[in-house]
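Below you'll find the structure, written out as structure tokens, and then a few comments.
The values are calculated or read from the model by the stated rules, or taken from the named source; none is laboratory data. Since this is a predicted model, take the numbers as computed values, not measurements. Cβ sites come from the backbone with ideal geometry, for glycine too, and all protein chains shown count toward neighbours. Ligands, DNA and RNA are stripped out before the accessible areas are found, and what is left, the full protein with its side chains, is counted by its heavy atoms. Shrake-Rupley method; radii C 1.70, N 1.55, O 1.52, S 1.80 Å.
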Amino acid sequence: MEMDLSIYSSHVRKWLAALVGCLGVFGTGVNLVVLWVLYRRKDIRTSATVYVVNLTAVDLLVTTVVDTLHVLGIAWPEFYRLDLNWTVCDITGSLCVAGCIISLATTAVITINRYLFICKRQTHDDMFTKKGAAVIVSGTWVYGLGFVLPLWFGWGTFRYDPKTMNCAYDRTKTGYTLMFLLIGHLLPTLTVFVFNTALYLNVMKINNNLRQYLQGRTPPQTVAFAS
């Protein structure tokens, strides 16, 4: 695997490493605050809380492990050269791919949860039970793993990207890249768009019906008292 280490100067790499490191620390702090608030404030918990926790856990995995390895890859690219079997690169790429897919899938689940809670409450109550939550959360991780396994078994590969100075899947492998973009990215993104649009249209319909109802009411007549 080729590494063009001269694409950035050492000075630029240090600044980029500091920037990515700061973003990682910030992201870790924000996710920890979210978990702390959800732990302390039971009154704000909903049926979507478990999915928010799942999303936060995935983000923490990225901001703590992946971002740390990314900082090493930026500041010290030789770090990956020391691993002759590219095990660290494979691990980094796997976490990047799985974390991205699981985050998108969980976001789609949260969107569906909010839509059903507001628009189709009975369906929401039947689907988002404790057992259903366990199945759905497990499903998001299996969904993410489903995009990593092909890379482990030869359909595509991981490589060091000199532009991002991090290990990721090889985007030159057209078949896997199309699957990753269409099913891993586009599908959950469209799900979020469709259900948010449906929620918005439903709210607008209720708002219009309420406005027509209020406009159709006969205002109370004023009674005049003789002096």
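Before moving on, here are some points about what is shown:
- Candidate set: segment 126-163, residues that are touching a residue at least 60 places away in the same chain (Cβ under 8 Å) and among the β-branched types (Val, Ile, Thr); chosen: the one farthest from Leu72 (Cα to Cα): Ile136
- Considered as a group, the residues in segment 110-159 that are within 29 Å of Lys173 (Cα to Cα) and in contact with a Ser or Thr (Cβ under 7 Å, 6 or more places away or on another chain) include one that is modelled with the highest pLDDT, and that residue is Thr140.
- Only one entry of Ile118, Ile101 meets the criterion of being surrounded by fewer than 16 Cβ atoms within 10 Å (Cβ to Cβ) and either at positive phi or in contact (Cβ under 8 Å) with a residue 40 or more places away in the chain (or both), and that entry is Ile118.
- The set of residues from segment 46-61 being farther than 17 Å from Ile118 by Cβ and of a type outside the set (A, V, I, L, M, F, W, C) comprises Asn54, Thr56, Asp59.
- Of the residues making up segment 13-40, those that are farther than 16 Å from Thr107 by Cβ and either polar (S, T, N, Q) or open to solvent by less than 60 Å² (accessible area, probe 1.4 Å) (or both) are Arg13, Leu16, Ala17, Ala18, Val20, Gly21, Gly24, Thr28, Gly29, Leu35, Val37, Leu38.
- Neighbours by Cβ (under 7 Å, 6+ apart or cross-chain): first from segment 74-90, modelled with pLDDT under 75; second of a type in the set (Val, Ile, Thr) and part of a helix (DSSP H, G or I): Tyr80/Val88
- Candidate set: segment 51-73, residues that are modelled with pLDDT of 85 or more and touching a Cys at 6+ places or on another chain (Cβ under 8 Å); chosen: the one farthest from Tyr39 (Cα to Cα): Leu69
- Qualifying positions in segment 151-172 - assigned to a helix (DSSP H, G or I) and surrounded by fewer than 17 Cβ atoms within 10 Å (Cβ to Cβ): Trp152
- Test: residue in segment 41-62 that is open to solvent by 40 Å² or more (accessible area, probe 1.4 Å), of a type in the set (Gly, Ala, Ser) and closer than 21 Å to Leu16 by Cα: no
- Summed over segment 135-150, the residues that are closer than 15 Å to His185 by Cα and either open to solvent by less than 70 Å² (accessible area, probe 1.4 Å) or of a type in the set (Lys, Arg) (or both) give a count of 6.
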